[in-house]
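A short write-up of the structure that comes next.
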Amino acid sequence: MIDDEAVNNAKERLRQEIGDLTAQLNAKKQRLRDLEATTTDVDDDSNAVSPKQNQRALTNDDIARYSRQLILPGFGVAGQLKLKTSSVLIVGAGGLGCPAAQYLAGAGCGHVGLVDYDRVDKSNLHRQTLHTITRIGMDKTESAKIALEELNPHCRISCHTRLLSRFTAMHIIRDYDVVLDCSDNVATRYLLNDACVMLRKPLVSGSALKLDGQLTVYNFGVTGPCYRCIYPVPPPPEAVTNCGDGGVLGAVTGTIGSLQALEAIKIIVGLGDVLAGRLLIFDGSTLQFRNIRIRSKRENCHICSPQPLITELIDYEQFCGMHATDKDNPLQLLEPEQRIDAMDYKALQQQQPAHLLIDVRQPAEFEICQLPSAVNVPLAQILDDSYLKQLGSQLDSKELPIVVLCRRGNDSQIAVQHMRNRFPDHSIRDLEGGLHAWSSQVDPSFPTY
Amino acid sequence: MGGTPDLKIILEFSAGAELLFGNIKKRELSLDGTQKWTIANLLKWMHANILTERPELFIQGDTVRPGILVLINDTDWELLGELEYELQPNDNVLFISTLHGG
């Protein structure tokens, strides 16, 4: 096994080196492009106009690059010039933000801003199409910037590598014409909405989960509603599922993200009917798009009515009772003695092979990886008591210890709490930190997802 | 009873709301046509008859919880009187959970 380890280390080192070299290479390419762009400008106009004035005309390179959209009726040179002088802020460089940024930079948007505090992780790559294996660990904003500059060096990319907060939002958003909500949590959605209302910026809002997607444009036009007009009260936290827990298909975020770019382009160019006061619902499983009519502005909206109750940004995590990230929020439901940590569970396996190990994840997750002796009883079947039938006589003896586990140790606590009500004298504990803890503390070869 | 007119409507669920109703996305309902059916009555009926998972994720008080949109014939129920709207034959009532992921 030493050999395997050596090989793995060598692979890891090489990946790291290749990543560093790629970053260096990209920086050099960018410098070259900058220099080339400067020379071209001088050739184009011997009077050497300032870059700002130069944006009022299309260069030969622009004409060649954008020819397929330039010939569109209703778009044309005027549309291209509007795009060239426009700026779009994309909040979230993930599954929605990547394709949105790709199409906006590709179409010749003059300035794209990217907001994201997170770094590239391997589990992002299936849907976050600007990031690559060599850029794992890099800031998502920087990784996306490299990809976008390779696609279109004429598009200026600004990286705002931080969590958007009530203290930074106004300052960042102020400089942009249109804002794309490509975020992954409720608190950020309210924050972005309120800031965009105060700064009078149209907000193109996309979201996706599993095989479903939704899209609408807030704060656009005279009657167009804002997020708070539609959702005056945030949903209860237990009703909110993130992509890390619920799963999502890349082609679904790709569909919605691409449409966000389309709506932004339409707003900038003044093309077609913008999706304001309407909500697009995409069901990827039946491949149905539905366009529904939603209400217009709410007369007594707390933020966008003529007499708003909210006049400065508030604490959105408190307002929503949820964090402004989609990262784990560990539950603390059980007392310490009702839990067993991964190392102690390993010891228990050896000392007391006769015990009942219940894995409460969904069958699709159980199929990915499982501990050898585990029985799969999804949480829903614990909560509706159908587990009693499934496990039958195994639950009869108080002497048989029961350990409940899940992916990260949240659902297992809910299950233990429920089971303890029925079997107060049994030894029922949950595996603290779930399979993630098992992998990090006991068996590094056990896969994590 | 023979001769009693039924009120036929279609219920649809989208973006995860179906998970609370036996994972069925579309249902055709025949309600007792001798009484008046408002959305408020319909919600009570749904709660009693077809809601299979954690009711608090669908109902709060006598209305739907925040974050679920109700559409009647593809139009926001807020434009149509919300709970007071009286169901008509062949109405399509759609419940959508709001998504937040990206």
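A few notes on this one:
- The number of residues in region B:28-44 being under 25 Å from A:GLU238 (Cβ atoms) and not hydrophobic (A, V, I, L, M, F, W, C) comes to 1.
- Selection status of A:GLU432, more than 24 Å from A:GLY246 (Cα to Cα) and among the acidic types (Asp, Glu): no
- Pairing each residue of region A:95-107 that is facing chain B (nearest Cβ under 10 Å) with any residue that is buried (at least 24 other Cβ atoms within 10 Å of the Cβ) and among the acidic types (Asp, Glu), provided the two are 6+ apart or on different chains, yields C-beta distances under 9 Å for A:GLY95/A:ASP184; A:LEU96/A:ASP181; A:LEU96/A:ASP184; A:GLY97/A:ASP116.
- Residues located in region A:387-435, provided they are of a type in the set (Lys, Arg) and surrounded by 14 or more Cβ atoms within 10 Å (Cβ to Cβ): A:ARG407, A:ARG408, A:ARG420, A:ARG429
- Qualifying positions in region A:24-74 - assigned to a loop (DSSP other than H, G, I, E, B) and modelled with pLDDT under 65: A:ASP45, A:SER46, A:ASN47, A:ALA48, A:VAL49, A:SER50, A:GLN55
- Scanning region A:421-445 for residues that are assigned to a helix (DSSP H, G or I) and among the charged types (D, E, K, R) gives a single hit, A:ARG422.
- Qualifying residue in region B:88-99 (condition: assigned to a helix (DSSP H, G or I) and either more than 10 Å from every other protein chain (Cβ to nearest Cβ) or surrounded by fewer than 20 Cβ atoms within 10 Å (Cβ to Cβ) (or both)): no
- Here A:LEU275 does not fit the description of being surrounded by 16 or more Cβ atoms within 10 Å (Cβ to Cβ) and within 12 Å of another protein chain (Cβ to nearest Cβ).
- The set of residues in region A:287-306 being within 18 Å of A:LEU275 (Cβ to Cβ) and assigned to a loop (DSSP other than H, G, I, E, B) consists of A:ILE294, A:ARG295, A:SER296, A:LYS297, A:CYS304.
- The strands (runs of 3 or more DSSP E) falling completely within region B:1-80 that include 1 or more residues that are of a type in the set (Ser, Thr, Tyr), within 14 Å of chain A (Cβ to nearest Cβ) and surrounded by 13 or more Cβ atoms within 10 Å (Cβ to Cβ) map to B:6-14.
- Helices (runs of 4 or more DSSP H) lying entirely in region A:307-383 (those with 2 or more residues that are at pLDDT 90 or above and within 32 Å of the chain's Cα centre (by Cα)): A:316-320, A:363-368, A:379-383
- Test result for A:ILE292, within 23 Å of A:PRO234 (Cα to Cα), in contact (Cβ under 8 Å) with a residue 60 or more places away in the chain and β-branched (Val, Ile, Thr): no
- Just so you know, in region A:187-209 the residues that are in contact (Cβ under 8 Å) with a residue 60 or more places away in the chain and at the interface with chain B (Cβ under 10 Å from one of its Cβ atoms) include one that is farthest from the chain's Cα centre (by Cα), and it is A:ALA187.
- Looking only at residues of region A:211-250 that are part of a helix (DSSP H, G or I) and touching a strand residue (DSSP E or B) at 6+ places or on another chain (Cβ under 7 Å), we find that the one that is farthest from the other protein chains (Cβ to nearest Cβ) is A:TYR227.
- Candidates A:ARG65, A:ARG119: the one that is under 22 Å from A:ILE146 (Cβ atoms) and outside the structural domain of A:SER205 (by TED's automatic domain parsing) is A:ARG65.
The values are calculated or read from the model by the stated rules, or taken from the named source; none is laboratory data. Nothing here was measured: the structure is a model prediction, and the numbers come from that model. Because the Cβ atoms are built from the backbone with ideal geometry, glycine has one as well, and the counts that use them run over all protein chains shown.
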